[in-house]
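Written out below as structure tokens is the structure these notes cover.
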Amino acid sequence: MKSKINVGVIFGGRSVENEISVLTAIQAMEAIDTEKYEIIPIYISKEGKWYTGQTLRKSENYKDMAKLYASCQEVCLHPTYGDSNLYKVKKSLFGSDVVCSLDVILPALHGTNCEDGSFQGAIEMTGIPYASCNVLASANGMDKITMKMILKECGIPVIDYAWFCDKEWFDKEEQVIGRMETKLGYPMIVKPADSGSSVGITAVHNREELKEAIESAVSYSKRIIVEHLVEQLKEINCSVLGNYYECEASVCEAPIRSGEILSYADKYLGGGKGSKGAVKQSEGMRSTIREIPANLPEKTTEFIRSTAVETFKALNCDGVARIDFMIDQADGKIYVNEINTIPGSLSFYLWEASGVSFTELTERLIRIAFERKRDSSFKTTSYKENIFNYTISGAKGAKGSKC
């Protein structure tokens, strides 16, 4: 009889955030209680191939990808409900093609094709419990335009914005620019709608910069969002843990940025440089220079924490998420900037500061996955009536009488 629960930690992916996902996964695997759980690392390459092997658990092994792949087994899941097996892609002549079964999945994936509902949909097909938002919440959380539409409808404050698609930009460049200038005015911030980790995001102050920023953004996404740029900006992040009905907020943090916006280097390289200008070894979101807990008035802190919970519930989230806020220090207004439905490093640093260890965080995520699977088992997924027991008569399928 199996004594441990098999936890598949899945990471990497066809995403510009592949490397950051690797760091998140390695940190999570170090935190999981190995007395209770058997860790099955599963890496999705940038080409979309799946690999498993214990060498995936060390960051230094990713310096030589060919050598790393050679040390691993290429694997796949079958999209058959109830089949939780991880299969070898290259089957041997003798023996089983099953590597192991997965009892639960802990996704540590970030960005497009990973955090946007694509992966979640694939796992839903298998029925394996997984510890993150479902398909709809993941998709809505990833797309900044859809997310802001939902939050605005729910009365949750978001900054003024406008959006357009890449083909509109290619066909009607001047009209798009005119609309952005009329609705928002300079300065603005240009973002790919469905990218993360500050990739493709640019602050602009004039028409020339706006054109350059949009050209960059359309290389990452087919939908672009442009927002009013808060000049006297203070950024605050807060994590939420739980499910769409019962959840709690962590303490708040204030990440320290080196420029107008929090850049990729600020998030993952601590500003980008170490001593004597050397590039620092990234540790994922652990590398961010931050003030934690954030030095805020109590009333402001409680507003942010309660709004973070509202945002989590409005988007129907499960697991752990990080909600990023903007405070306009010119007038004190607070806005939700975005939600990260699988946050970098799983926001463990915010939970450790809230009295929840990283090990307890992974334990609670696994528990949430099993609880959601149990709850979903009580829902009706098929209708018992068989329409083929009824006679269809008349031209082109008009309804007839019952047999």
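The values are calculated or read from the model by the stated rules, or taken from the named source; none is laboratory data. Every value quoted in this text rests on a predicted model; they were computed, and no experiment measured them. Using ideal geometry, Cβ is built from the backbone for each residue, glycine included, and neighbour counts are taken over all protein chains shown.
Go through region 171-199 residue by residue and tally those that are of a type outside the set (A, V, I, L, M), within 29 Å of the chain's Cα centre (by Cα) and under 20 Å from residue 221 (Cβ atoms).
Number satisfying all stated conditions: 7.
Residue-by-condition table, conditions (1) assigned to a helix (DSSP H, G or I); (2) polar (S, T, N, Q); (3) surrounded by fewer than 16 Cβ atoms within 10 Å (Cβ to Cβ); (4) assigned by TED's automatic domain parsing to the domain that holds residue 250:
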{"residue": "294", "(1), (2), (3), (4)": "no, no, no, yes"}
{"residue": "307", "(1), (2), (3), (4)": "yes, yes, no, yes"}
{"residue": "325", "(1), (2), (3), (4)": "no, no, no, yes"}
{"residue": "339", "(1), (2), (3), (4)": "no, no, no, yes"}
{"residue": "346", "(1), (2), (3), (4)": "yes, no, no, yes"}
{"residue": "356", "(1), (2), (3), (4)": "no, no, no, yes"}
{"residue": "362", "(1), (2), (3), (4)": "yes, yes, no, yes"}
{"residue": "365", "(1), (2), (3), (4)": "yes, no, no, yes"}
{"residue": "372", "(1), (2), (3), (4)": "yes, no, no, yes"}
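Evaluate the following for residue 268: is it buried (at least 17 other Cβ atoms within 10 Å of the Cβ) and either at pLDDT 70 or above or within 20 Å of the chain's Cα centre (by Cα) (or both)?
yes
What are the residue pairs meeting all of these: first residue in region 17-41, first residue not assigned by TED's automatic domain parsing to the domain that holds residue 348, second residue assigned to a strand (DSSP E or B) and of a type in the set (S, T, N, Q), Cβ atoms under 8 Å, and 6 or more apart or on different chains?
The qualifying pairs are 37/6; 38/6; 40/6; 40/52; 41/52.
So which residues in region 133-180 are under 25 Å from residue 334 (Cβ atoms) and aromatic (Phe, Trp, Tyr)?
161, 163
Looking at residue 400, is it more than 25 Å from residue 109 (Cβ to Cβ) and modelled with pLDDT of 95 or more?
When the stated conditions are applied, residue 400 does not pass them.
Residue by residue, here is whether (1) of a type in the set (Lys, Arg); (2) on the phi > 0 side of the Ramachandran plot holds:
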residue	(1), (2)
35	no, no
52	no, no
62	no, no
71	no, no
90	yes, no
95	no, yes
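Run down 112, 146 and say which single residue is assigned to a helix (DSSP H, G or I) and closer than 26 Å to residue 346 by Cα.
Every option except 146 fails the conditions.
Condition first: in a loop (DSSP other than H, G, I, E, B) and of a type in the set (Lys, Arg). Now tell me which residues in region 199-258 satisfy that.
Matches in region 199-258: 222, 257.
Is it the case that region 121-134 has a residue that's within 20 Å of residue 222 (Cα to Cα), of a type in the set (Phe, Trp, Tyr) and either touching a residue at least 60 places away in the same chain (Cβ under 8 Å) or assigned to a helix (DSSP H, G or I) (or both)?
Within region 121-134 (the criterion being within 20 Å of residue 222 (Cα to Cα), of a type in the set (Phe, Trp, Tyr) and either touching a residue at least 60 places away in the same chain (Cβ under 8 Å) or assigned to a helix (DSSP H, G or I) (or both)), the answer is no, since none of the residues qualifies.
Every residue, every condition in (1) crowded, with 20+ Cβ neighbours inside 10 Å; (2) within 29 Å of residue 294 (Cβ to Cβ); (3) of a type outside the set (S, T, N, Q), yes or no:
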residue	(1), (2), (3)
174	no, no, yes
183	no, no, yes
189	yes, yes, yes
200	yes, yes, yes
205	no, yes, yes
210	yes, no, yes
233	no, yes, yes
245	no, yes, yes
252	yes, yes, yes
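Looking at residue 101, is it in contact (Cβ under 8 Å) with a residue 60 or more places away in the chain, farther than 30 Å from residue 351 by Cα and not aliphatic (A, V, I, L, M)?
yes
Has region 181-188 got at least one residue that is assigned to a loop (DSSP other than H, G, I, E, B) and small (Gly, Ala, Ser)?
Yes; the residues of region 181-188 include at least one that is assigned to a loop (DSSP other than H, G, I, E, B) and small (Gly, Ala, Ser).
How about region 334-354: which of its residues are more than 10 Å from the chain's Cα centre (by Cα), touching a residue at least 24 places away in the same chain (Cβ under 8 Å) and more than 9 Å from residue 323 (Cβ to Cβ)?
334, 335, 345, 347, 348, 349, 350, 351, 353, 354
Does region 126-139 hold any residues that are surrounded by fewer than 23 Cβ atoms within 10 Å (Cβ to Cβ) and within 18 Å of residue 340 (Cβ to Cβ), and which are they?
Within region 126-139, 134, 135, 136, 139 meet the criteria.
Would you please list the contacts, defined by Cβ atoms under 6 Å and residues six or more apart or on different chains, that run from a residue in region 166-186 that is assigned by TED's automatic domain parsing to the domain that holds residue 205 to a residue that is of a type in the set (Phe, Trp, Tyr)?
Correct list of pairs: 176/164; 176/169.
Looking at this structure, is residue 158 of a type outside the set (Phe, Trp, Tyr) and part of a loop (DSSP other than H, G, I, E, B)?
When the stated conditions are applied, residue 158 passes them.
Give region 44-100 a look and list any residue that's within 15 Å of residue 8 (Cβ to Cβ) and aliphatic (A, V, I, L, M), or say none.
44, 56, 75, 77, 86, 98, 99, listed by residue number.
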